[in-house]
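For reference, the structure discussed in these notes is given below.
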Amino acid sequence: MFISGLGHFNFSHSSLTCFSIGQGKVWLIFFLCVLIYSASALANGQTNQQAPVRLMRTGAVNADWQLQVNDAPLFLALQEIQRVSGLRIHYSVLPEQAVSATCVSDELTQVLKCLLGASVNLVFSGSGAASDPTSIGEVWVLGSSLNTQRSAVDCKPPGLSDTVATETGQGGTIDRLLLEVNADDTRQRADALFDLAKQTEADSEEVDALLLKGLHDPSAMVRGQALSGWAERHGDGALPELQQAMLDSDSSVRLQAVELTDNPLMLKNALQDADALVRQLAEAKLQALSPR
Amino acid sequence: MTLKTKLTLLLTVFTLGAVGPAAAHSINNKTLRPAFGASATDIWQATCGAGSSHMFAQIRDQSADNNLVSLVVVSGVRGATTTDLTGGDPTYSPGISVNAGNATYTMLVNHTRTGGQAYSIEYHCENASGGHTETTTPTAESQNN
């Protein structure tokens, strides 16, 4: 009798046993055999279907631990390692894409490195042989070494509006700088003032107003950059602002004023400054200015 | 020897004596200010003209303290660093050369600790034989800390 659709059928055993009894009951017994075989084949099929992640300890030399990952997410692989070995694995972020890997080693740590990549940073705690997971105890997968994706939101600079204009040429640059001069971040304000002073296409009166405002900023960094920008734009005409800056409470601003001026009288006055570097710079500049 | 010959010889000697090595370009008496902390970095740019093979540069730390000043010169994919290990003396750091031909060179000045520093830089562009070539002078810093 032809049997189809049942997969492999072992004629050497099951069929001969079924067909040796009298004809009347042959069909009944035959169908019972088919049912038994089908149930058996179904059970075998389920066993033979390959699991996505499997870790085995075989005891083989140089291949004690064998890890097989078939197109499965990393977290499943790490779960399997924890389940079979007892090693506790800590991680914060994992790549989302599925991986496939075959890792074989005497040491579970090497299996982990095989799975996660040789460049990943792992921190182990425990003592004893690396091949014995119970002696290792725990392992931490440092997220920064594994996950290379970063949220654009996380990188947004503080204090900057979402409506910053796209930088397209000078106009875009000036728009950006005009926003950044009001940023919460001190360095951002300072750099924006310095760069704005160089923008020849920017509204001169507006830039001057911002620089004058920057000369009275709470931050010495910003005041210094505003002074630098003002001096660059006004040259010798910046003398009053430079002289005023020599009275600043912060030595950084006074230092900037000395650096920006070649006025001998200002430099001589700076020789009496409370700050040693201000005095030193003033003296060096006076020496450079003196006729040889 | 006639008087004319003596005068000619004397004039020749004085002329030769007046021809010294070509003057280097200098950026003098500049500062890294305390307000910018340990990250303070000054940036200068200069361009070497046609015929240049490299830029030579060195830095002098004018502050006698243990806050050392370094100069990094970069152009394209080439760069070099030099540090003045003794601040406050008239000696410059060892000279460095960056071989990027006729190109714009960026000079970055930084220091090893928080605190103000005064420095001066000497630099010039040279051809392959060491002769000076056209070198621009930056009118202002690209970044002034």
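The values are calculated or read from the model by the stated rules, or taken from the named source; none is laboratory data. Computed from a predicted structure; not experimentally measured. So basically every Cβ, Gly included, is an ideal-geometry build from the backbone, and we count neighbours across all protein chains shown. SASA here: full protein model, heavy atoms, side chains in, ligands and nucleic acids out. Shrake-Rupley method; radii C 1.70, N 1.55, O 1.52, S 1.80 Å.
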Using a 1.4 Å probe, how large is the accessible area of B:SER75, given in Å² and rounded to the nearest 10? 10 Å²
Picking from B:GLN58, B:CYS48, B:VAL77, whose Cα lies most toward the positive end of the charge dipole for region B:23-126 (charges on Cβ: Lys, Arg +1; Asp, Glu -1)? B:VAL77
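Would you mind calculating the relative contact order of chain B from Cα pairs under 8 angstrom and at least 6 residues apart, reporting the percent as a whole number? Show your work: numbers first, answer last.
On the way: 352 pairs, mean separation 53.0, N = 145.
It comes to 37 percent, rounded to a whole number.
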Give me the accessible area of A:MET56, 1.4 Å probe, in Å² rounded to the nearest 10. 80 Å²
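Is there a simple number for the mean count of other chain Cβ atoms within 10 Å of the Cβ of residues in A:254-263, and what is it? Walk me through the numbers on the way to the answer.
Details: counts 1, 8, 6, 0, 3, 6, 1, 0, 1, 0.
Average neighbour count from other chains, rounded to a whole number: 3.
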Am I reading the A/B interface right? What is its buried accessible area, both sides, 1.4 Å probe, to the nearest 100 Å²? 1600 Å²
Ranked output for segments B:35-43, A:278-286, B:79-87 by mean other Cβ atoms within 10 Å, highest leading, reads A:278-286, B:35-43, B:79-87
Probe of 1.4 angstrom, ligands and nucleic acids ignored: what's the accessible area per residue over chain B, in square angstrom? 49 Å²
Scaled to the compact-protein estimate 2.2 N^0.38 Å, what is the alpha-carbon radius of gyration of chain B, rounded to two decimal places? 1.29
To the nearest 10 degrees, how steep is helix B:3-18 against the longest Cα principal axis of chain B, on a 0 to 90 scale? 10 degrees
Give me the accessible area of B:LEU108, 1.4 Å probe, in Å² rounded to the nearest 10. 50 Å²
Taking every C-alpha to C-alpha distance in region A:169-289 and binning by 5 Å from 0, the per-bin percentages run 2, 13, 23, 21, 17, 12, 8, 4, 1, 0
